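What follows draws every value from the coordinates through simple rules; no lab data is involved. The structure presented is a predicted model; accordingly, all values stated were derived computationally and were not measured. Every residue, glycine as well, gets a Cβ built from its backbone with ideal geometry; the counts of neighbours run over all protein chains shown.
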Amino acid sequence: MLRVDQVSAGYSGSRAVPRVVEEVTLRVDAGEIVGLVGESGCGKTTLARVITGLHRPHTGVVRFGGVDVHGLRGRELRAHRRQIQMVFQDPYLTLSPRQTARQAVAEPLHIHRIGDARSRAARVAELLDLVGLDPPAADRRPRDLSGGQRQRVAIARALALGPRLLVCDEPVTALDVSVQAKVLNLICDLRDHLGLACLFISHDLAVVRQLADRIAVMHQGRIVEQGATAQVTTAPRHPYTRTLLAAAPRM
Ligand SMILES: Nc1ncnc2c1ncn2[C@@H]1O[C@H](COP(=O)(O)OP(=O)(O)OP(=O)(O)O)[C@@H](O)[C@H]1O
Ligand SMILES: [Mg+2]
């Protein structure tokens, strides 16, 4: 479904090294959860921005459903953007302080003129139920929600347009460990119930291995190792993966 092929990217405007992302090749298949793990500054968010079409690579191609993401314009680009949605570490980036949870989730449906008022309200209720938001919280604004609830609302909003891939960039990093586990369970449930694929980004291998089918390890802009979660976490091939494992608490 998602194919990242030999992608290099940076911010200098020139194609010269050093680049932030170097020759990354990665895939996410339908219904699969792929973990992307690496230390702060290694290029994870930059790669996520390239994948979602927000940042243009210097070289290489990103294909989604066989289509070159960076070759799209206008209506095609907007249609494509519905298929890949992002969830960020800080839900305040996606949620307006003035909107209630219900309004925030309804907004993408409004913008894309999907359904009428009644069907939109029903869809919003269904989405809030899907992410497990308590009904009384639906009419609260972000500052009156807990961190875990805010992230559930951000996820419901990301799901509103029926994406096929969720790119989650450190979605649980700011949450307590017990709340983290619940949000990770939610992402697994969404995969099981909706067949939703996920690229799950974290600096924390202990988090990633709880939910990923496969793990890609990023170091200084390169993927140094990728494989099935069990293989990467029990028989790592790259010294950097061993360093990450040594730093990760045992689950
Ligand atoms: N807009 C920008 N302009 C210039 N350099 C940038 C920009 N955004 C990121 N960088 C640089 O690119 C490198 C990779 O940053 P990136 O945000 O992709 O890392 P990351 O792996 O997501 O880190 P973190 O785990 O801290 O979120 C860093 O050296 C960063 O300073
Ligand atoms: Mg980042």
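So the values come out like this:
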quantity	calculated
Complete set of residues in the stretch 50-75 that are without any contact (Cβ under 8 Å) to a residue 60 or more places away in the chain and closer than 11 Å to Val7 by Cβ	Val50, His55, Arg56, Pro57, His58, Thr59, Gly60, Val61, Val69, His70
Checklist (1) under 21 Å from the mean Cα position of the chain (by Cα); (2) surrounded by fewer than 20 Cβ atoms within 10 Å (Cβ to Cβ); (3) part of a helix (DSSP H, G or I) applied to Pro163, failing item	(3)
Single unsatisfied condition, Leu161 versus (1) touching a Pro at 6+ places or on another chain (Cβ under 8 Å); (2) within 16 Å of ligand 2 (Cβ to nearest atom)	(2)
Matching option when the condition is free of Cβ contacts under 8 Å to residues at least 40 places away in the same chain, surrounded by 14 or more Cβ atoms within 10 Å (Cβ to Cβ), away from ligand 2 (no atom under 14 Å from the Cβ) and closer than 25 Å to Leu194 by Cα, among Arg78, Arg27, Arg3	Arg27
